[in-house]
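The values are calculated or read from the model by the stated rules, or taken from the named source; none is laboratory data. Keep in mind that what you see is a predicted model, and the values were worked out from it rather than measured. Reconstructed Cβ throughout: ideal geometry from the backbone, glycine too, with neighbour counts over all protein chains shown.
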Amino acid sequence: MSDAPAPVDGAEPAFDPEDSKLVTLARATLGRTGAGQAAALRDTDGRTYAGAAVSLPSLQLSALQATVAMALAAAAPGVEAAVVLGGLDRDEAGVAAVHEITPDAPVYFVDRRGNRLS
């Protein structure tokens, strides 16, 4: 039996088990931080990272940008997949950062129920 959440009517298909774990990690980060959006990323070594948006007068990072920065700081060799949970912002800058590391890495945008958005 898969850990992947079932899709809601009109939603994209559910995730494979490894990507479903990223959804769970992003959801936990969202709940812990109270942020409007969280992200999770798995590197090509299988390590995972999660983050939320940073909003300071001197520093502005989206959830995905913060997560990519953590992965790079930990010497991640590449990105296997990333998930952005919550909010409607497609975060083009965060996606560009992921694709700068690994051009074909999938970045999934997910609603708070865990369903992939189109």
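So how many residues does the stretch 13-24 have that are within 18 Å of Ala66 (Cα to Cα) and buried (at least 22 other Cβ atoms within 10 Å of the Cβ)?
Adding up the residues that qualify gives 2.
Mind listing whichever residues of the stretch 1-22 are modelled with pLDDT of 95 or more and either touching a Gly at 6+ places or on another chain (Cβ under 8 Å) or among the polar types (S, T, N, Q) (or both)?
Matches in the stretch 1-22: none.
Here is a yes/no grid of residues against (1) surrounded by fewer than 20 Cβ atoms within 10 Å (Cβ to Cβ); (2) more than 23 Å from Asp16 (Cα to Cα); (3) of a type in the set (Ser, Thr, Tyr):
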{"residue": "Ser58", "(1), (2), (3)": "yes, yes, yes"}
{"residue": "Val68", "(1), (2), (3)": "no, no, no"}
{"residue": "Ala71", "(1), (2), (3)": "no, no, no"}
{"residue": "Ala76", "(1), (2), (3)": "no, no, no"}
{"residue": "Val83", "(1), (2), (3)": "no, no, no"}
{"residue": "Glu100", "(1), (2), (3)": "yes, yes, no"}
{"residue": "Pro106", "(1), (2), (3)": "yes, no, no"}
{"residue": "Gly114", "(1), (2), (3)": "no, no, no"}
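Pairs only if they're at least six apart or on different chains, beta carbon under 6 angstrom, first in the stretch 105-118 and free of Cβ contacts under 8 Å to residues at least 40 places away in the same chain, second surrounded by fewer than 19 Cβ atoms within 10 Å (Cβ to Cβ); list them, first residue then second.
Sorted first by the residue in the stretch 105-118, then by its partner, the pairs are Phe109/Leu117.
Inspect the stretch 32-47 for any residue being of a type in the set (A, V, I, L, M) and either without any contact (Cβ under 8 Å) to a residue 12 or more places away in the chain or at positive phi (or both) and give the result as yes or no.
So far as the stretch 32-47 goes, no, none of its residues is of a type in the set (A, V, I, L, M) and either without any contact (Cβ under 8 Å) to a residue 12 or more places away in the chain or at positive phi (or both).
I need the full set of residues from the stretch 101-117 which are modelled with pLDDT under 95 and outside any strand (DSSP E or B), in order please.
Asp111, Arg112, Arg113, Gly114, Asn115, Leu117
Within the stretch 37-56, restricting attention to residues that are among the charged types (D, E, K, R) and surrounded by 15 or more Cβ atoms within 10 Å (Cβ to Cβ), which residue is nearest to Val110 (Cα to Cα)?
The extreme case among them is Arg42.
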